[in-house]
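Written below as structure tokens is the structure these notes are about.
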Amino acid sequence: MIAGIVLFLMIAMVGMGSATAQDIMPVAKRNVIKLGEPAPDFQLPDLNGRLVMLSELRGKVILLNFWATWCGPCRVEMPAMEQLYQTLSRKDFEILAVSTDAQGVAVTRPFREENHLTFPILHDVDYRVGLTYGARSLPMTFMVDRQGVVRHQIFGSRDWGAPEARQLVHMLMKF
């Protein structure tokens, strides 16, 4: 079914002259991050325009969350992410919340203030990092260990205050 839709869109776009098959195929063949492999490095701006690189955080457990302000499940999990962030040491743990909102800071800054979030919010307005990670739905979270290796991929929202979620983070922090 999905392959048929992609094929239809490719034919339609090529027929309209606005894109070629080569333009469409890279999107159709998104990357898939494999557990146990190094997390692809990236550099994205935060709310203040400062560039943050994933590799700069090596030595910490990273909760890498792809989300958007318009995403209901994303909005639901943010308060528990903040609680988790407040309970763990910055020396050992970091959250990188990668917003895919095309409007960038104009929508994420008010959202952050309204929800009293203190963890870093980064901007992937052209969705290049999201595609690199194969984030096909939101929210999507990747747990990266201290060595920069992807250990878990979580589809959909999660209650980060639940014992299982906290146990996952603490388990990764032991290594």
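The values are calculated or read from the model by the stated rules, or taken from the named source; none is laboratory data. Small disclaimer: the values here were computed from a predicted structure and weren't measured. Note that each Cβ is placed from the backbone with ideal geometry, even for glycine, and that neighbours are counted across all protein chains shown.
The table below lists the values:
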{"read-out": "Subset of segment 122-136 [among the small types (Gly, Ala, Ser) and within 17 Å of Gly104 (Cα to Cα)]", "value": "Gly130"}
{"read-out": "Conditions (1) touching a helix residue (DSSP H, G or I) at 6+ places or on another chain (Cβ under 8 Å); (2) assigned to a helix (DSSP H, G or I); (3) of a type in the set (Gly, Ala, Ser); number of the one not met by Ala106", "value": "(1)"}
{"read-out": "When residues of segment 92-122 are limited to those that are hydroxyl-bearing (Ser, Thr, Tyr) and buried (at least 18 other Cβ atoms within 10 Å of the Cβ), the one farthest from Glu37 (Cα to Cα)", "value": "Thr108"}
{"read-out": "Number of positions in segment 69-89 that are part of a loop (DSSP other than H, G, I, E, B), touching a residue at least 60 places away in the same chain (Cβ under 8 Å) and within 16 Å of the chain's Cα centre (by Cα)", "value": "1"}
{"read-out": "Residues that are of a type in the set (S, T, N, Q), in contact (Cβ under 8 Å) with a residue 40 or more places away in the chain and surrounded by fewer than 19 Cβ atoms within 10 Å (Cβ to Cβ), drawn from segment 44-68", "value": "Ser55"}
{"read-out": "Unique residue being in contact with a Gly (Cβ under 8 Å, 6 or more places away or on another chain), at pLDDT below 95 and surrounded by 14 or more Cβ atoms within 10 Å (Cβ to Cβ) when the list is Val125, Val150", "value": "Val125"}
{"read-out": "Single match in Phe93, Phe111, Phe142 (criterion: at pLDDT 95 or above, under 13 Å from Leu54 (Cβ atoms) and assigned by TED's automatic domain parsing to the domain that holds Cys71)", "value": "Phe142"}
{"read-out": "Given (1) touching a Phe, Trp or Tyr at 6+ places or on another chain (Cβ under 9 Å); (2) closer than 17 Å to His152 by Cβ; (3) of a type outside the set (Phe, Trp, Tyr); (4) at pLDDT 95 or above, number of the condition Leu57 does not satisfy", "value": "(1)"}
